[in-house]
Amino acid sequence: MASHVTELKLNNIKVKYGSATLLDNLCGNFTRGQLNLIVGRAGSGKSTLLRTIAGFHKEFSGSIMADDKAFDPSGNISLVFQNPEALFFNGSVGEEVGYALKMRGVLPDEIECTSKKWLQQWGLDPECCWHRHPLELSGGEKRRLALAACTVFLPPVVLLDEPLAGLDVKGQHALADMLKAMATDHIVIVVTHEPEALMTDSSSLLYLRSGCGLWFTPETFLYQALSESDFFPLPHWYSSAVTPFREKPALPRLEAGAVHKFIQEWRRADADKL
Amino acid sequence: MQISYKPGSGLLHRLNPLTKGTVAFAAIIFFSVNNLSGAVIATIIAGFLLICKLSGVALLDVIMSIRRIGLLLVIVALIQGFSVDGFNPMLAVEAVLRIVGVFLVAGVYLTISSQSELTCFWEACFRPLALIGFPAREFALIMVIAVRFFPVILGEIERIRMAQIARGARLNGGGLLSSATALMPLMIPTLTQAVIRAGELAQAMEARGYRVSAQRTRYQRFRFGFIDLIAASVPLLIFYYLLRPFMSE
Ligand SMILES: Nc1ncnc2c1ncn2[C@@H]1O[C@H](COP(=O)(O)OP(=O)(O)OP(=O)(O)O)[C@@H](O)[C@H]1O
Ligand SMILES: [Mg+2]
C-alpha cells in the first residue's frame with residue numbers, strides 16, 4: 001500500500017468552536033520525508049487542528065490540499081487520539097489491530113500474520129496479548145496498541161496526538177525511530193509537548209500560539225527559544241548548557257549527546273586560541 | 001451534541017422535581033399507548049415543543065439527537081407500516097410520531113432536571129418501599145445513573161464511528177455504520193463499554209468520598225408552587241384519558 005501524497009497544504013485555515021475562533025489564517029505545508037511536529041501550550045488548538053485535518057471537526061473555513069487536489073480524509077488518514085482508550089471498540093487486541101486490514105479486504109491469514117508482526121514492532125508481545133481485552137492493558141500498552149492499530153494499514157497521512165505520553169523512555173526511543181522510518185514515505189504529523197524526543201535536523205515545527213501558527217526549522221526554533229525567555233520552555237538542561245553559546249553560528253541538536261559534543265568542541269577551540 | 005442538563009430559569013425549569021418527573025412519566029406513557037391519529041399526536045408534539053420553547057428550554061440538542069435514533073425510526077416505520085394489505089404510510093407515520101414523542105419528552109426532562117432533582121424524584125417514588133426495608137436511596141441512585149447512561153450509550157455509538165474513521169474506514173465504504181446490519185455487531189462492544197463505564201463511575205464516586213448510606217442534607221429545598229399545581233393537572237388528564245375506556249363500562 002504505497003502512499004501517493006507528498007505534501008499537505010493548509011490554505012487560510014480558520015477553525016472555530018461556535019463563536020470562538022481558535023485558529024486563524026493558518027497557512028503552510030506538511031511534507032513527506034520528515035517529521036512534522038506541532039507544539040503549543042495546552043488549549044492552543046493542537047488536537048483541534050489534527051481533528052480538522054482528519055475531517056472530524058467541520059467548523060472551519062479555508063482549504064486543505066493534497067498535492068494540489070482537495071484532500072479527502074476519508075480512508076486516507078489515521079488519527080491516534082490523545083486518549084487511546086477512545087479508539088478501542090473490539091473485544092480483543094487481535095481484532096483491534098486487524099480491524100483496519102479487514103476493512104480493506106485482506107485475507108484472514110494475512111491479517112493475523114501482519115497484525116502480529118506489527119504488534120511486535122510496537123513492542124507488544126503478540127502471543128500474550130492477542131486474546132486480551134484492549135482495556136485490560138496497562139496505560140503504556142494501550143498507547144502502543146493504539147499506535148499499532150492506527151498504522152497497520154499504512155495510510156498516506158498519519159496523525160498522532162501526543163504519542164509519547166505514557167511510554168517509558170525505551171518506548172519513546174523506539175517510537176521516535178519508527179516514526180522517522182514511517183515518515184520517509186508517509187506524511188507524519190505529530191502533536192507533542194516534548195519536541196526534544198522527536199526533533200531531527202530535518203523536522204519542521206509548527207508552533208501554535210494565541211491563534212496563529214508559526215513555522216520553524218529546528219534551528220530557528222532553538223535560537224528563538226534561547227533568546228526569548230517566554231517563547232517556549234526548552235528542557236532546563238539544554239538551556240543552561242547552551243545559553244552561554246547562543247551567539248554562536250550553529251546550535252547543537254536538542255539531544256544530550258549532541259550538546260556534549262558541541263560544548264567540547266568549543267572548549268577545545270577556546271583552548272587552542274589560548 | 002449530547003442531551004445533558006442545561007440550567008435555566010424558565011417556568012419548566014422551576015417546576016418541583018416531583019411534578020417534573022410525574023408529568024414526564026405520564027407523558028411518556030401517554031405517547032406510548034394512545035391510539036390517537038397522526039395529526040393529533042403531531043399537534044400535541046408541536047404544542048409541547050412550543051411550551052418548551054416559550055419557557056426557554058435548550059431544544060436544539062434534543063432535536064438534533066433524534067438523528068441518532070433515525071435508524072430505529074426507519075425500522076419501526078417499516079415494521080408498523082406493512083400490514084396484510086400492503087404498506088400504509090399513515091400507520092408508519094403514527095408509529096414514528098409516538099417514538100419521537102417519547103424521545104422528546106425524555107430528552108426535555110433530562111435537559112431541565114439536574115442530577116439532584118432526578119435523584120429526588122426517584123427517591124420519592126421508592127420511599128414508600130423503604131418502610132419494608134427496601135434500600136430506596138441506593139435504588140434511586142442506580143435509576144438516575146441508568147437514565148444518565150442512555151445518552152452515554154448513544155454517544156458511545158458516535159465514538160465508535162469516529163474510532164473507525166480514525167482507523168481509515170471510508171465514509172461511503174463498507175464497515176461504517178451505514179446500515180442496520182452494520183449497527184448490530186456494535187451493540188455488544190457498546191454494551192460492554194457501558195458496563196465498563198459504570199464500573200469506572202462507581203470507582204470515581206468512591207474516589208471522591210461518596211458513601212451511599214451517609215446521611216445527607218439537601219443543598220436545594222424544592223418548593224411546590226402554583227405552576228406545579230397547573231402542571232400537575234397534565235398527568236391527571238392523561239390518566240383520565242387512559243382510564244376512560246374502563247370507566248365508561
Ligand atoms: N468540543 C469542544 N467544544 C468547544 N470548545 C472546545 C471543544 N474541544 C476543545 N475546545 C476548546 O478548544 C481549545 C483547544 O482545544 P484542543 O483540544 O485543541 O487543545 P490542545 O492544544 O490539544 O491542548 P492539549 O495540549 O491540552 O491537548 C480549548 O480551549 C478547548 O477548551
Ligand atoms: Mg490535545
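The values are calculated or read from the model by the stated rules, or taken from the named source; none is laboratory data. All values derive from a computational prediction rather than experimental measurement. Here the Cβ is made from the backbone with ideal geometry for all residues, glycine too, and neighbour counts use every protein chain on show. Side chains are part of the model used for accessible areas, which takes the heavy atoms of the whole protein and leaves out ligands, DNA and RNA. Shrake-Rupley method; radii C 1.70, N 1.55, O 1.52, S 1.80 Å.
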**Prompt:** From the list A:Ala197, A:Ala165, which one is under 19 Å from A:Gln82 (Cβ atoms), within 16 Å of ligand 1 (Cβ to nearest atom), in a helix (DSSP H, G or I) and under 12 Å from the mean Cα position of the chain (by Cα)?
**Reply:** A:Ala197
**Request:** From A:Gly105, A:Gly55, grab the single residue that is within 23 Å of the chain's Cα centre (by Cα), within 11 Å of chain B (Cβ to nearest Cβ) and free of Cβ contacts under 8 Å to residues at least 24 places away in the same chain.
**Result:** A:Gly55
**Request:** Return yes when A:Arg143 is of a type outside the set (Val, Ile, Thr) and closer than 30 Å to A:Thr48 by Cβ and no when it is not.
**Result:** yes
**Request:** Would you check which residues across segment A:81-102 are more than 8 Å from chain B (Cβ to nearest Cβ), open to solvent by less than 20 Å² (accessible area, probe 1.4 Å) and in a helix (DSSP H, G or I) and list them?
**Result:** A:Pro84, A:Val93, A:Gly94, A:Glu96, A:Val97, A:Gly98, A:Leu101
**Complete:** Note on B:Asp61: of the conditions (1) open to solvent by 50 Å² or more (accessible area, probe 1.4 Å); (2) part of a helix (DSSP H, G or I), unmet is (1)
**Item:** Answer from A:Ser78, A:Ser63, A:Ser74 - the residue that is away from ligand 1 (no atom under 16 Å from the Cβ), open to solvent by less than 10 Å² (accessible area, probe 1.4 Å) and not in a helix (DSSP H, G or I)
**Value:** A:Ser78
**Request:** Return the residue satisfying two criteria in turn: it lies in segment B:120-168 and is under 16 Å from the mean Cα position of the chain (by Cα) and within 14 Å of chain A (Cβ to nearest Cβ), and of such residues it is modelled with the highest pLDDT.
**Result:** B:Gly155
**Message:** For segment A:1-55, which positions are more than 16 Å from A:Leu159 (Cα to Cα) and touching a Cys at 6+ places or on another chain (Cβ under 9 Å)?
**Reply:** A:Asn11, A:Asn12, A:Ile13, A:Leu23, A:Asp24, A:Asn25, A:Leu26
**Asked** Restricting segment A:156-203 to residues that are of a type in the set (Ser, Thr, Tyr) and open to solvent by less than 20 Å² (accessible area, probe 1.4 Å), which is nearest to A:Thr48 (Cα to Cα)?
**Response** A:Thr192
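Out of the residues in segment A:137-155 that are more than 16 Å from ligand 1 (Cβ to nearest atom) and facing another protein chain (nearest Cβ under 10 Å), state the one that is surrounded by the fewest Cβ atoms within 10 Å (Cβ to Cβ). Before the answer, list the steps.
Initially, segment A:137-155 is screened for residues more than 16 Å from ligand 1 (Cβ to nearest atom), giving A:137-142, A:144-145, A:147-155.
Add one more test, that the residue is facing another protein chain (nearest Cβ under 10 Å), and what stays is A:149-155.
Numbers: A:Ala149: 31, A:Cys150: 26, A:Thr151: 25, A:Val152: 26, A:Phe153: 22, A:Leu154: 16, A:Pro155: 23.
Selected residue: A:Leu154.
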**Message:** Among the numbered criteria (1) at pLDDT 90 or above; (2) within 23 Å of A:Met178 (Cα to Cα); (3) out of contact with any Phe, Trp or Tyr (no Cβ under 9 Å at 6 or more places or on another chain), which one does A:Asp201 miss?
**Reply:** (1)
**Request:** Can you give me the number of residues within segment A:35-53 that are near ligand 1 (Cβ under 9 Å from one of its atoms), surrounded by 20 or more Cβ atoms within 10 Å (Cβ to Cβ) and over 14 Å from A:Gly213 (Cα atoms)?
**Result:** 1
**Item:** Number of the condition not met by A:Leu87 [criteria: (1) in contact with a helix residue (DSSP H, G or I) (Cβ under 9 Å, 6 or more places away or on another chain); (2) within 12 Å of ligand 2 (Cβ to nearest atom); (3) not β-branched (Val, Ile, Thr)]
**Value:** (2)
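Can you pull out the residues in segment A:8-25 that are away from chain B (no Cβ under 14 Å) and either acidic (Asp, Glu) or within 16 Å of ligand 2 (Cβ to nearest atom) (or both)? Before the answer, list the steps.
Step one: filter segment A:8-25 for residues away from chain B (no Cβ under 14 Å), giving A:8-16, A:19-25.
Those that are away from chain B (no Cβ under 14 Å) and either acidic (Asp, Glu) or within 16 Å of ligand 2 (Cβ to nearest atom) (or both): A:Val15, A:Leu22, A:Leu23, A:Asp24.
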